[in-house]
Each structure stands twice: as structure tokens, then as C-alpha cells.
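Let me begin by presenting the structure, written as C-alpha cells, before commenting on it.
The values are calculated or read from the model by the stated rules, or taken from the named source; none is laboratory data. Worth saying up front: this structure is predicted, and the values here are computed from it rather than measured. Here Cβ is always computed from backbone atoms with ideal geometry, including for glycine, and neighbour counts include all displayed protein chains. Accessible surface areas use protein heavy atoms only, side chains included; no ligands, DNA or RNA. Shrake-Rupley method; radii C 1.70, N 1.55, O 1.52, S 1.80 Å.
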Amino acid sequence: MASKVAARNRSAGAESGANAESSALPTRFGVQIPQEIAVKAIRTKLGMTQLEFASRFGFSIKTLQQWEQKQRVPEGPTRAYLLVINRDPEAVQRALGSAT
């Protein structure tokens with residue numbers, strides 16, 4: 001079972017590799033999204049538990065744990081969202097209607 005999951009993850013990783021490269025290129029708006037995002041560092045900087053971070057910003061706790069354990073990586077739009085969370089978490093909370 002574990003080997004099937006690993007094979008599936010490798011396959012998905014290979015497919016997303018091409019997408020990750022293209023999303024790191026500047027778009028017509030000049031936005032550059034890093035290929036790697038330190039999700040745990042963002043969460044820690046905000047002083048949140050995994051459950052708090054996942055709930056506040058709309059992530060599955062399981063997905064968040066997989067990102068932090070490097071079992072999965074966030075894809076392009078999610079990396080952009082995490083970048084905004086890192087830079088201005090209060091703005092994201094206001095936009096989501098969950099500002100405290």
C-alpha cells in the first residue's frame with residue numbers, strides 16, 4: 001500500500017514539476033511566485049497551531065501536515081495564497097471575514 005502511494009506521489013510530482021516551473025516565471029502582471037514556500041515557518045511566525053492555521057485560512061489539517069512534513073507541496077495558486085498570508089495575514093483574515 002505504501003509503495004503505491006509513493007509511486008502515485010512521484011507521478012504527481014513529476015506532472016506538477018512542469019507546472020511549478022512555469023508558475024515561477026513572471027506573468028503579464030509581473031508576479032513571481034516562489035517554487036518553495038516554508039509553510040511551517042509561516043504558521044510558526046503567526047504563533048498558530050496547525051489546527052488554528054488550517055481553520056483560519058481554509059486548509060485541510062491533513063494537507064497542512066503533509067506540506068509541513070514535505071510529503072506534498074502547495075501548487076501555484078496555493079503558494080500565492082500562502083505568500084499573501086505570510087506578508088499580510090490580517091488582510092487575508094479581513095477578506096475572509098474572520099478578523100479578530
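Quick notes
- Of the residues making up segment 62-76, those that are surrounded by 14 or more Cβ atoms within 10 Å (Cβ to Cβ) and part of a helix (DSSP H, G or I) are Thr63, Leu64, Gln65, Gln66, Trp67, Glu68, Gly76.
- Hits in segment 45-63 (condition: without any contact (Cβ under 8 Å) to a residue 40 or more places away in the chain and under 15 Å from Leu96 (Cβ atoms)): Met48, Glu52, Phe53, Ala54, Ser55, Phe57, Gly58, Phe59
- Among (1) open to solvent by less than 60 Å² (accessible area, probe 1.4 Å); (2) within 17 Å of Pro34 (Cβ to Cβ); (3) not hydroxyl-bearing (Ser, Thr, Tyr) - the single one Gln93 does not satisfy: (2)
- Filtering segment 13-61 to residues that are at negative phi, at pLDDT below 95 and open to solvent by less than 60 Å² (accessible area, probe 1.4 Å) leaves Gly13, Ser16, Gly17, Ala20, Ser23, Ala24, Ile33, Pro34, Ile37.
- Arg79 satisfies every condition listed in (1) under 23 Å from Gln32 (Cα atoms); (2) exposed (fewer than 14 other Cβ atoms within 10 Å of the Cβ) except (2).
- Selection of segment 64-100 for residues being under 25 Å from Val31 (Cα atoms) and hydroxyl-bearing (Ser, Thr, Tyr) yields Thr78, Tyr81.
- Pairs with Cβ under 6 Å, 6+ apart, first in segment 64-91 and within 14 Å of Arg43 (Cβ to Cβ), second of a type in the set (D, E, K, R): Gln66/Arg72; Glu68/Lys40
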